[in-house]
Amino acid sequence: MPASGSAGGKIVIGAALCQTGIQAPLDEPALRGAQLAVDVLNEKGGVLGKKLELISMDGKSDPVTVGNDAKQMIDKGAAAIIAPSDFDFGGPASREAQKAGIVGISPCASSPLYGSKALGDKQFTMSMWNTTMGAATAEYMYNKKGAKSVYVITDDFIDYTKSLSRYFIARFKELGGKVVFEDTYTQGQGDVSAQLARYKALKEKPDFIYVSSYMPDLALIIRTFRENGINVPIVGGDSYDDPALFEALGEKYGNDVYFDTHSFLSTAANPKYAEFEAAYEKKFNKKPDAVWIVTGYDVVMLLAQAMEKAGSTDGAQVAKAMENTEFDLLTGKLKWSDAASGHEPNKAAALVQLQGGKPEFLGWVTPEKIPAP
Amino acid sequence: MNEFIINTLSLGSLYALIALGLVFVYGILKLVNFAYGEYIMTAGYGLFLLGTYTPLPWWSVMLLSVALAALMSYLTELIAFRPVRTKSLTAMLVTSFAVSVLLQNAALLFISPRSRAVQLPAAFNQSVALLGVTTPLRNLLTIGTTVALLVGLTLLMKYTVLGIAMRAASDKFSTTRLMGVPANLVISVAFIISGLLAGVVSVFWVGRSASVDPLIGFTPLLIAFIATVIGGMRSLVGAVAGGYVYGLLFNVLSITLPASVINYRDAFMFLIVILFLLLRPEGLIRGSYTEERVG
């Protein structure tokens, strides 16, 4: 086994991201962003005076494959592992990284489980946790919009949607808001008439609806409500950040939809975005089309900064540097808590509004109070 | 109540079309075509690609997409199913799995694993007030289109030589061949009609969420299975009846089940399916006597 991370005068980063299967919509763009970041860094002379090399293996949206991929890439000398953007799929890659004593980081896993407590002291997620994601919109709706009651639909197919609703509700109730009804939906059901009927039967109509689901059925849920004449605001998390959803809702139904996510594809979110966009267009001949590209890009940039700061690719030293640095990224400022307190990310959420089917950036928000995980 | 009736009729119509498309091929080949959901996907991507990248008007985008599903169905018959037709039924079943996986992955690789938004005509984005209920115009279009298609198909099957040949083939395939009816023709036409129905289904299915993704065909396929088990695998009328009964059951369960158990709605649906399999395996409508298919 070659010395960790410095195989032949270059630094290897292994991406165990899923290019196929249900995880692909998040991971495939992330890999594109990571490749771009490696190119940009190498043009500037690399990291620690060495060239960066990104190796990648398809995790196929299968936790076992993801774990095996990570193991193989570690054997090939990877100095750090980029794990899929979900606790269930990304966890196995992080566990392999932890076993090998190197850093594992997920661009967008937002589960509060993704951190040092469940995975080990060298494991991180670059995403805000669902605690922040749920609380940020709860505070925005209650404080800024004066909305006091909500009807919640939770997709119970995956952990992400369930925990997001839980933290949203916890914060909204704490503020004094009222949850009129907690409804559920299961991804793939393909019909929302039951939820619609229950909404219509409510004696007290809520000020807005919180829908914690994801594409493709998210478009179906929102459209069904709008088509049936229900025009109260609809609010959710980062799964809304999908151009396919904006287009599917269109000018007619894409109104009064609010969500918080990781960044916004314009210089409004960060002046440095222009530089990123130009580099992306040069490499791929099109404009960036998903926020997950930016998070993939940021992950590599962050690892490079941490390695420079540590002056080494040694896992323990890089992890220490990650804990001790406040990062300024395209996806906002980020500071992790130390390993003993779980590597909780202190990160702002980008608040976005959909009007006329077009996303508008409302600003970066940090919740006043974040529910305990 | 009016709302319930409109929803049930529109959902039932869609499910009836879905089931009918599957049974058309089953009736003649005795093949449960697992690739059927991918014909729906094909038309969905037709709507996306033609609607986004060509200046064609929406009605021709729709017609071309439906035709594309029929073409895909015909091509799979020609390339994948015909060579194994004389082998065992199991070989065909496995082939249909292979075709399904192949088409799904083609969409995944060549288009995107992410869902894509489909441009819909204004009529699909409108809601109308009918009998005191606000309902999407699309629901009414679904009902109307289904009725028109059912009438058209009934006429085709009853009064044309082709239709009579197809009914004869689904009854006694070998005898029909002895009478001089070409097997390839009958089977190809069955696949084409199955594809056409999948295409029409796709327009309305995609119309609800205005987006298409590689796995979009799975739920309709499952619906088709349940509807045909309820209605009867061997008769076209049974498939249509099964679709409407399924739509009715679905809506009744949606409304009557308390919120705490609504997520087990599918479990209740499958319970009903199991009861059907145990107590009335031939479905609501018993098909006529059928013999084993002979290549």
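Evaluated against (1) touching a strand residue (DSSP E or B) at 6+ places or on another chain (Cβ under 9 Å); (2) crowded, with 24+ Cβ neighbours inside 10 Å, B:I230 falls short on exactly one condition, (1). Mind checking whether some residue in the stretch A:162-177 is surrounded by fewer than 24 Cβ atoms within 10 Å (Cβ to Cβ) and outside any helix (DSSP H, G or I)? Yes, some residue in the stretch A:162-177 is surrounded by fewer than 24 Cβ atoms within 10 Å (Cβ to Cβ) and outside any helix (DSSP H, G or I).
For the stretch A:163-184, the condition of being within 14 Å of chain B (Cβ to nearest Cβ), at pLDDT below 95 and under 22 Å from the mean Cα position of the chain (by Cα) holds for none of the residues. Applying the set (1) under 30 Å from B:L108 (Cα atoms); (2) over 14 Å from the mean Cα position of the chain (by Cα); (3) modelled with pLDDT of 90 or more to B:S209 leaves exactly one unmet item: (3). Screening A:A136 on (1) in contact (Cβ under 8 Å) with a residue 40 or more places away in the chain; (2) more than 16 Å from A:K347 (Cα to Cα) shows it passes everything except condition (2).
Look at B:D213 and say whether it is touching a residue at least 24 places away in the same chain (Cβ under 8 Å) and acidic (D, E). Taking the combined requirement at face value, the residue satisfies it. Within the stretch A:1-29, the set of residues being at pLDDT below 90 and more than 14 Å from every other protein chain (Cβ to nearest Cβ) comprises A:M1, A:P2, A:A3, A:S4, A:G5, A:S6, A:A7, A:G8, A:G9.
Scanning the stretch A:243-264 for residues that are within 7 Å of chain B (Cβ to nearest Cβ) and either of a type in the set (A, V, I, L, M, F, W, C) or not in a helix (DSSP H, G or I) (or both) returns A:A244, A:A248. The helices (runs of 4 or more DSSP H) located wholly in the stretch B:153-230 that include 2 or more residues which are of a type in the set (F, W, Y) occupy B:183-209.
Residue under question is B:A91, and the condition is that it be at pLDDT 85 or above, over 19 Å from the mean Cα position of the chain (by Cα), part of a helix (DSSP H, G or I) and within 30 Å of A:G357 (Cβ to Cβ); does it hold? Answer is no for this residue.
Apart from one condition, B:G144 fits all of (1) under 28 Å from B:T54 (Cβ atoms); (2) part of a helix (DSSP H, G or I); (3) in contact (Cβ under 8 Å) with a residue 40 or more places away in the chain; the exception is (3).
Within the stretch A:330-373, the set of residues being within 16 Å of the chain's Cα centre (by Cα) and on the phi > 0 side of the Ramachandran plot comprises A:G332, A:H343. I'm trying to understand the selection: among the residues of the stretch A:59-89, which are under 20 Å from A:Y297 (Cβ atoms) and free of Cβ contacts under 8 Å to residues at least 60 places away in the same chain? Correct list: A:G59 only. Filtered by the rule that a residue be in contact with a strand residue (DSSP E or B) (Cβ under 7 Å, 6 or more places away or on another chain), more than 27 Å from A:K173 (Cα to Cα) and among the aliphatic types (A, V, I, L, M), the stretch A:328-370 gives a lone residue, A:L334. Taking the stretch A:106-156 as the search range and keeping residues that are within 14 Å of chain B (Cβ to nearest Cβ) and among the acidic types (D, E), which one is farthest from A:T261 (Cα to Cα)? If we take residues in the stretch A:106-156 being within 14 Å of chain B (Cβ to nearest Cβ) and among the acidic types (D, E), then A:D156 is farthest from A:T261 (Cα to Cα). Within the stretch A:88-120, which residues are among the charged types (D, E, K, R) and surrounded by 23 or more Cβ atoms within 10 Å (Cβ to Cβ)? Within the stretch A:88-120, A:E96 is the sole residue that qualifies. For the stretch A:336-357, taking the residues that are hydrophobic (A, V, I, L, M, F, W, C) and in a strand (DSSP E or B), the one that is farthest from A:L119 (Cα to Cα) is identified as A:L354.
Suppose we keep only residues that are of a type in the set (S, T, Y) and surrounded by 24 or more Cβ atoms within 10 Å (Cβ to Cβ) within the stretch B:171-208. Which one would you say is nearest to B:S65 (Cα to Cα)?
Taking the stretch B:171-208 first, the residues of a type in the set (S, T, Y) are B:174-176, B:188, B:194, B:202.
Restricting the remaining residues to those that are surrounded by 24 or more Cβ atoms within 10 Å (Cβ to Cβ) gives B:194, B:202.
Numbers: B:S194: 14, B:S202: 9 Å.
Ranking the candidates gives B:S202 first.
Of all residues in the stretch A:92-100, one or more are outside the structural domain of A:D242 (by TED's automatic domain parsing), more than 23 Å from the chain's Cα centre (by Cα) and farther than 22 Å from A:D242 by Cα. Counting only residues that are buried (at least 23 other Cβ atoms within 10 Å of the Cβ) and in a loop (DSSP other than H, G, I, E, B), the stretch A:223-240 holds 1 of them.
Any residue that is more than 30 Å from A:K178 (Cα to Cα) and either surrounded by 24 or more Cβ atoms within 10 Å (Cβ to Cβ) or modelled with pLDDT of 95 or more (or both) - is there at least one of those in the stretch A:125-135? Scanning the stretch A:125-135 turns up at least one residue that is more than 30 Å from A:K178 (Cα to Cα) and either surrounded by 24 or more Cβ atoms within 10 Å (Cβ to Cβ) or modelled with pLDDT of 95 or more (or both). Is it the case that B:L279 is modelled with pLDDT of 85 or more, over 30 Å from A:A197 (Cα atoms) and away from chain A (no Cβ under 14 Å)? For B:L279, the condition - modelled with pLDDT of 85 or more, over 30 Å from A:A197 (Cα atoms) and away from chain A (no Cβ under 14 Å) - is met. The residues of the stretch A:185-199 that are of a type outside the set (A, V, I, L, M, F, W, C), on the phi < 0 side of the Ramachandran plot and facing another protein chain (nearest Cβ under 8 Å), listed by number, are A:T186, A:Q189, A:D191, A:S193, A:R198. When only residues in the stretch B:114-135 that are over 17 Å from B:S202 (Cβ atoms) and part of a strand (DSSP E or B) count, which is farthest from the other protein chains (Cβ to nearest Cβ)? Within the stretch B:114-135, the match that is farthest from the other protein chains (Cβ to nearest Cβ) is B:L130.
Considering each residue of the stretch A:39-75, count those that are assigned to a helix (DSSP H, G or I), β-branched (V, I, T) and surrounded by fewer than 23 Cβ atoms within 10 Å (Cβ to Cβ), and give that number.
The initial filter retains those residues of the stretch A:39-75 that are assigned to a helix (DSSP H, G or I), namely A:39-43, A:63-75.
In the following step, the residues that additionally are β-branched (V, I, T) were identified as A:40, A:64-66, A:74.
If we keep only those that are surrounded by fewer than 23 Cβ atoms within 10 Å (Cβ to Cβ) as well, we get A:40, A:64-65.
So the answer is 3.
Looking across B:L56, B:L20, B:L31, one residue alone is part of a loop (DSSP other than H, G, I, E, B) and either over 24 Å from B:Q119 (Cβ atoms) or of a type in the set (V, I, T) (or both). It is B:L31.
The values are calculated or read from the model by the stated rules, or taken from the named source; none is laboratory data. In this text, all values refer to a predicted model and were calculated from it rather than measured experimentally. For neighbour counting, all protein chains shown are included, and Cβ atoms are generated from backbone atoms with ideal geometry for every residue, glycine included.
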